[in-house]
Amino acid sequence: MESIKRLYKIGNGPSSSHTMGPRKAAQIFSDRHRDAAAFEVTLYGALAATGKGHLTDVAILDVLQKVAPTTIVWCPEIVLPFHTNGMKFTAFDKDGNVVDPWTVFSVGGGDLLEDGQPRQSAESIYGMTKIKDIQQWCEETGRSYWEYVDQIEGPEIWDYLAEVWKVMKEAVERGLEAEGVLPGGLGVRRKAVSYYVHASGYNSSLKSRGLVYAYALAVSEENASGGRIVTAPTCGSCGIVPAVLYHLHTSKNFSEKRILRALATAGLFGNVVKQNASVSGAEVGCQGEVGVACAMAAAAASQLFGGTPAQIEYSAEMGLEHHLGLTCDPVCGLVQIPCIERNAYAAARALDANLYAAISDGRHSVDFDRIVEVMKQTGHDLPSLYKETAQGGLAVIK
């Protein structure tokens, strides 16, 4: 299992799979072929089906056209066996000869893999990859999940998480100030500032809930506009963890140090899912994005409120379990409908999961690792229409 730095990536939206991954691949290929006369990039499957809405072509062209003229070929009807988000990069020399064609896949969270390459790479640093084992370690040593992260990652992880938290806060605050219509042609207006103003006029619990909505909307709208965000675990679900942590930081006065520890715990739970299943909406549906983000945020909140290792695990388990089967079917392939509202709703559910677990003793029937297995199987059983192909569900609404 890799460093949580690979889960929390800082970059520009709107999609980790469709924007950040392809941009990274284009940069790698560009660096290999600085003397190319031309490039051709073929996009396959879900990457082609919703790529225009996710600015996939813009991300690729922004890199490659600085070196040579580039053509994008769209093949949504062709799904390569290894993963639905396939790309083939081809370089041409001055005589028109093909040079070094490269097929690579954007597998979620901005990560790239080649056909046959295992999920666990040479950069694996975590010995334990199941929450039940890590939880047992916590209970035997009297330590918490963030302390396991600290033990594995070393002190440098805290500087990285400090930067992650800084970017998250900035995205919330930019989003609360921004107004207008989101790009893409759907005419979706930004709502974060409106929710923030209305929530501020409420009392007690209604105000709290409304502010959480506003913070999640703010980050998600920034992502939809191509703003700078953090994958947590993806761009499409990037509003959930920041919303919960920003709300608890500002309303409960939790210190920066405790917020960073909560981020470490959230990252650990997200990493376990990424290792043992997937966080790619094109592979397992939105349960792998919004569901995992909800689990991460619930774990973070539970830790901040003093949850035991069992209660933290229970919070995360509920956050994911109650998103099982969630489809990935964005209207017009844009990370706007239903994605933005899902972020707001899932942020609130994360806090509910924390409260539910806090009242309990942490004992429950189905553990987090089992839910991860079920999510993976459910995702594979979902018809492809409901996994970012723009051919089913809400995606067919005009």
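The values are calculated or read from the model by the stated rules, or taken from the named source; none is laboratory data. Nothing here was measured: the structure is a model prediction, and the numbers come from that model. FYI the Cβ positions are ideal-geometry reconstructions off the backbone, even for glycines, and counts take in every protein chain you see. These area figures cover heavy atoms from the full protein model, side chains too; ligands, DNA and RNA do not enter into them. Shrake-Rupley method; radii C 1.70, N 1.55, O 1.52, S 1.80 Å.
Is it the case that region 333-341 has a residue that's in a loop (DSSP other than H, G, I, E, B), at pLDDT below 95, open to solvent by less than 50 Å² (accessible area, probe 1.4 Å) and among the β-branched types (Val, Ile, Thr)?
Yes, that holds for at least one residue.
Tally up the residues in region 386-398 that are open to solvent by less than 70 Å² (accessible area, probe 1.4 Å) and assigned to a helix (DSSP H, G or I), please.
3
When you look at Asp352, is it part of a helix (DSSP H, G or I), open to solvent by 60 Å² or more (accessible area, probe 1.4 Å) and within 23 Å of Leu304 (Cα to Cα), yes or no?
So Asp352 passes the test.
Within region 19-26, does at least one residue satisfy the condition of being in a loop (DSSP other than H, G, I, E, B), in contact (Cβ under 8 Å) with a residue 60 or more places away in the chain, surrounded by 21 or more Cβ atoms within 10 Å (Cβ to Cβ) and not aliphatic (A, V, I, L, M)?
no
Of all the residues that make up region 363-383, how many are free of Cβ contacts under 8 Å to residues at least 60 places away in the same chain and open to solvent by 30 Å² or more (accessible area, probe 1.4 Å)?
Adding up the residues that qualify gives 9.
The rows are residues; the columns are (1) surrounded by 22 or more Cβ atoms within 10 Å (Cβ to Cβ); (2) under 20 Å from Asp115 (Cβ atoms); (3) under 25 Å from the mean Cα position of the chain (by Cα); (4) charged (D, E, K, R).
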| residue | (1), (2), (3), (4) |
| --- | --- |
| Pro14 | yes, no, yes, no |
| Leu43 | yes, yes, yes, no |
| Gln65 | no, no, no, no |
| Ile72 | no, no, no, no |
| Pro101 | no, yes, no, no |
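Can you give me the ranges of the helices (runs of 4 or more DSSP H) entirely in region 78-191 with at least 3 residues that are touching a helix residue (DSSP H, G or I) at 6+ places or on another chain (Cβ under 6 Å) and hydrophobic (A, V, I, L, M, F, W, C)?
The helices (runs of 4 or more DSSP H) meeting that bar are 131-141, 156-177.
For Phe39, only one of the following conditions fails: (1) part of a strand (DSSP E or B); (2) modelled with pLDDT of 95 or more; (3) over 23 Å from Glu77 (Cα atoms). What is its number?
Status for Phe39: all satisfied but (3).
In region 136-189, which residues are touching a Phe, Trp or Tyr at 6+ places or on another chain (Cβ under 6 Å) and open to solvent by 40 Å² or more (accessible area, probe 1.4 Å)?
Ile152
Please go through region 218-246 and give me each residue that is over 20 Å from Val149 (Cα atoms) and touching a Phe, Trp or Tyr at 6+ places or on another chain (Cβ under 6 Å), ordered by number.
Correct list: Ala243, Tyr246.
How many residues does region 74-99 contain that are charged (D, E, K, R) and surrounded by 15 or more Cβ atoms within 10 Å (Cβ to Cβ)?
1
Of the numbered conditions (1) closer than 30 Å to Glu221 by Cβ; (2) surrounded by fewer than 22 Cβ atoms within 10 Å (Cβ to Cβ); (3) out of contact with any Pro (no Cβ under 9 Å at 6 or more places or on another chain), Asp57 satisfies every one except a single condition; which is it?
Of (1) closer than 30 Å to Glu221 by Cβ; (2) surrounded by fewer than 22 Cβ atoms within 10 Å (Cβ to Cβ); (3) out of contact with any Pro (no Cβ under 9 Å at 6 or more places or on another chain), only one is false for Asp57: (3).
Residues in region 312-324: is at least one open to solvent by 20 Å² or more (accessible area, probe 1.4 Å), in contact (Cβ under 8 Å) with a residue 12 or more places away in the chain, farther than 28 Å from Pro14 by Cα and over 16 Å from the mean Cα position of the chain (by Cα)?
Within region 312-324, one or more residues are open to solvent by 20 Å² or more (accessible area, probe 1.4 Å), in contact (Cβ under 8 Å) with a residue 12 or more places away in the chain, farther than 28 Å from Pro14 by Cα and over 16 Å from the mean Cα position of the chain (by Cα).
Identify, by number, the condition in (1) at pLDDT 95 or above; (2) in contact with a His (Cβ under 6 Å, 6 or more places away or on another chain) that Tyr44 doesn't meet.
Status for Tyr44: all satisfied but (2).
Considering each of Gly110, Gly116 in turn, give the residue that is under 20 Å from the mean Cα position of the chain (by Cα) and within 30 Å of Leu80 (Cα to Cα).
Gly110
Would you please list the contacts, defined by Cβ atoms under 9 Å and residues six or more apart or on different chains, that run from a residue in region 384-398 that is more than 14 Å from Gly45 (Cβ to Cβ) to a residue that is hydroxyl-bearing (Ser, Thr, Tyr) and open to solvent by 70 Å² or more (accessible area, probe 1.4 Å)?
What qualifies is Gly392/Ser384; Gly392/Tyr386; Gly393/Tyr386; Ala395/Tyr386.
Taking region 27-41 as the region of interest, how many residues are open to solvent by 10 Å² or more (accessible area, probe 1.4 Å) and farther than 29 Å from Gly154 by Cα?
Adding up the residues that qualify gives 10.
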